[in-house]
Amino acid sequence: MSSQPLKSLCRANRIVERLVEMESASVSELAAEFDMPLSTMYEYVNTLETINYITKKPNGRYCVSLSFLEIGNQVRRNYAIYRVGESETRRLAEETGEFAGLMVKEDNLGVLLSMKKGDKVKRLHVSRTHPGVKSRLNTTAYGKAILAQLSDTEIQDVIDQYGLHPRTDNTITEIDPLFEEIELIRQRGYALDDEECFDGMRGIGVPVVSQTDDLVGGIALYGPPSRLTDDVFFKKYPSVVQEYANIIQGNLEYS
């Protein structure tokens, strides 16, 4: 692909991403956002509307089409870990009453495939916990569980690509402490997130690997420290999450 079509494709993608953030916008507002001539923006908008990436509302403003929802759902179903793990993630949330999630690695980031709510957190809203959200692997319980399955060289590549920027005051931001924690995760088989991604949330993550020990993803349980007390956090729930990871792994082998 020549540089000009690729540049146009990248710009169209940025327009869609920005329109998601803006929720809706007129052509002139989009042109101003991208410092682009109005006529050029009209060309982009017309093309994106033709392929059903964006749609025009009755008030004349544009928003991103729901076709992305259909595409995203199909992409999720293409992952075997989602097909066999979605029901177990739901059961983990139901058993504990807390949040339960399923994550895979893509481009050295963690991508959330599913997040389920138990009865205890039904009315609790936590930002950036919807399917498709990406996060650095060093900041979450399932992310660190996934990291622990990689070689030290692969982990260093992840760090070189994205750094170790903090999400909270508890996020591990130094290489040596991270590798020390990774080694501990490898020994005990699960990872802990002690308010490292979200203030007021603790998480326990376990990797899910295939029969040939190829990394597949991770499952995690999250809840507030008021319920995930030290006794529950360190002693009770790690084995519970491990049990569900084992079920998913077993179902993967026979699916």
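The values are calculated or read from the model by the stated rules, or taken from the named source; none is laboratory data. Since the structure is predicted, the reported quantities are computational estimates derived from the model, not experimental observations. Reconstructed Cβ throughout: ideal geometry from the backbone, glycine too, with neighbour counts over all protein chains shown. All accessible areas refer to the heavy atoms of the entire protein, side chains included, with ligands and DNA or RNA removed. Shrake-Rupley method; radii C 1.70, N 1.55, O 1.52, S 1.80 Å.
Quick notes
- Cα-based helix-to-principal-axis angle, 237-254 vs the chain, degrees rounded to 10: 70
- Backbone N under 20 Å from the Asn170 label point (7 Å along Cα→Cβ), restricted to region 218-244: 219-242
- Percent accessible area from carbon and sulfur atoms, the chain, protein chains only, probe 1.4 Å: 48
- Judged by the mean number of other Cβ atoms found within 10 Å, the most tightly packed of the peptides 230-243, 104-117, 56-69 leads the ranking 104-117, 230-243, 56-69.
- C-alpha long axis of helix 152-162 to longest principal axis of the chain, angle in °: 40
- Proximal lysine pairs, the chain, alpha carbons under 23 Å, eight or more residues apart or interchain: 19
- Charge dipole (region 1-117, unit charges on Cβ, about Cα centre) - positive-most of Thr40, Val27, Ser114: Ser114
- Each Cα pair under 8 Å and six or more residues apart adds its sequence gap; the mean of these over the residue count of the chain is a relative contact order of 15 percent.
- Protection proxy ranking, highest mean first, for peptides 12-19, 140-147: 140-147, 12-19, where packing is the per-residue count of other beta-carbon atoms within 10 Å, averaged.
- Å² per residue, accessible surface of region 7-144 at 1.4 Å: 55
- Alpha carbon centroid spacing (whole Å) that separates region 144-189 from region 214-255: 19
- Under 5 Å, built H, 5+ apart or other chain: amide partners of Gly217: Val208
- Degrees between helix 175-188 axis and first principal axis of the chain (Cα, 0 to 90, nearest 10): 60
- Among Ile175, Leu150, Thr129 - extreme Cα towards positive end, dipole of region 117-182, charges at beta-carbon: Thr129
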